[in-house]
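For reference, the structure discussed in these notes is given below.
Where a number appears in this text, it was derived from the coordinates with a stated rule and is not lab data. On a predicted model such as this, the values are computed, not experimentally measured, just so you know. Neighbour counts run over all protein chains shown; Cβ positions are idealised from the backbone, glycine included.
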């Protein structure tokens, strides 16, 4: 099992590097931009906070974009939220199904490994990749913040990153289940799911009738504006996420164990 | 002599499509068992059901006295399998694939792998994506043999191999079986069965018939393919 995990990590290293540098680097650059834009921000902040539903959707009605936490929540929050969700989907959507899609399943499963061990090794690979992604992006953001002389709550950043990690894990879990069911790599479906969840959250914050159902989506509890403006922890949403994650993983084990392997 | 492979009433269907029907067979220790049949007869389905890639609808498979479902992992430790299509991870080198297979088995097979690579004239520095079908088949042979298993299962092993390598391959099988290993050889090449196998069975349209002798007349063999209604 260790060999499978190490091989998977090695195989996915390039993907991890590209996405971590892209998302973390963009976030870092965005934070540094704050300093140069700080002077012009005050008027913009007033304007952005009075744009009704649009301001609500991007959290600009609760946080001022003129402050670093507000700027971080609206700018870096969007980049990290969307980028990390897509990364989570990309890592997990083909991790099991690629063995059949690329015809290597017979080679792997003819070795003395139970299907449970294969699923465990691949799930661990996704977990390790998401942890590294979150930690490195967090370090990029901390580096950016350290370059500026502005107030910023470290605990809020930590909460934000932990919730983003859970959101990534939830998306990855759903994609992992799809990967266990399918014998083809459904890259489009994975990316589409991540973007659909993001769009659902965005629309849900604009359309009043959808607000009650917002907690269903994984982006609901990882919203940067809500975390940085100190809103209450969305317990129902987090519980649902944990349940969905557990169901997805158990489902992946059950499906992968029961189905016929395509040659 | 004890049976190392025992299949009883194995049935596998793919929805409405036929797979294999009520297949029963025994392979004795030390045997080179020829598993004949035309394309699509169900040879690969039988093998894939034995190894747990497919879930049979009915029947049992016992390998080395162990149940193929319950003791799946234990069985695979003692089996060397070569699929009909030799696919590996494109970006890996030949040496990495061979070591990877040994690592998963938790064994150091470097000595045996070295001998096999030399006899099969393999360049282990090459990347898999640079290899021809024949060379990928050689990698598959090394992966199936390097841990000196008790049972070999080969699914159309010689397609893509040049005549010299085919001869080397069968020499290797003979050497391993002389030391007590058993071999199940699925093929549709009659001459391989005639020349190398000690017993044989033939599959047609998902059903299996044991043959009295692996020495089959070629005309009779062709007639078997042609006349679908005739029973063997």
With r defined as the distance between the Cβ atoms of residue B:217 and residue A:259 and R0 fixed at 45 Å, what FRET efficiency is calculated, to the nearest 0.05? 0.60
Taking a point 7 angstrom from the Cα of residue B:162 along the C-beta vector, which residues in the stretch B:128-143 have backbone N less than 11 Å away? B:135
Which residues in the stretch B:22-55 place their backbone N less than 19 Å from a point set 7 Å from the Cα of residue B:191 along the Cα-to-Cβ direction? B:34-39
Length gained, residue A:184-residue A:1, 0.36 nm per residue minus C-alpha separation, equals 63.6 nm
To the nearest 0.05, the calculated FRET efficiency linking residue A:132 and residue B:90 through their beta-carbon distance, R0 being 25 Å, is 0.55
For q = 0.07, 0.10, 0.12, 0.18 Å⁻¹, Debye-computed log10 I/I(0) when each Cα of chain B counts as one equal scatterer: -0.22, -0.45, -0.66, -1.42
Taking Cα atoms of the protein assembly as shown, Rg/Rh with Kirkwood Rh, to two decimals? 1.13
For the stretch A:217-263 the translational diffusion coefficient, Stokes-Einstein from a Kirkwood Rh over Cα pairs at 10 °C and viscosity 1.306 mPa s, in µm²/s, is roughly 123
Per-pair calculated FRET efficiency, R0 = 51 Å: residue A:235 and residue B:58 via Cβ, rounded to 0.05: 0.55
With no solvent and one equal point scatterer placed on each C-alpha of the stretch A:2-258, evaluate the Debye formula and give log10 I(q)/I(0) for q = 0.17 Å⁻¹, two decimals. -1.25
Over all distinct Cα pairs, what is the inverse of the mean 1/r for the stretch A:127-263, reported as the Kirkwood hydrodynamic radius in Å? 16.7
Write down the percent of antiparallel bridges among all DSSP beta bridges whose residues are both part of chain B, to the nearest 5. 50
Considering only DSSP beta bridges whose two residues both sit in the protein assembly as shown, what percent are antiparallel, to the nearest 5? 50
Would you mind computing Rg(Cα) / (2.2 N^0.38 Å) for the stretch B:86-148, counting N as its residues? 0.98
Modelling each spin label as a point 7 Å along the Cα-to-Cβ direction, I'd like the residue B:175/residue B:18 distance in nm, to one decimal. 4.2
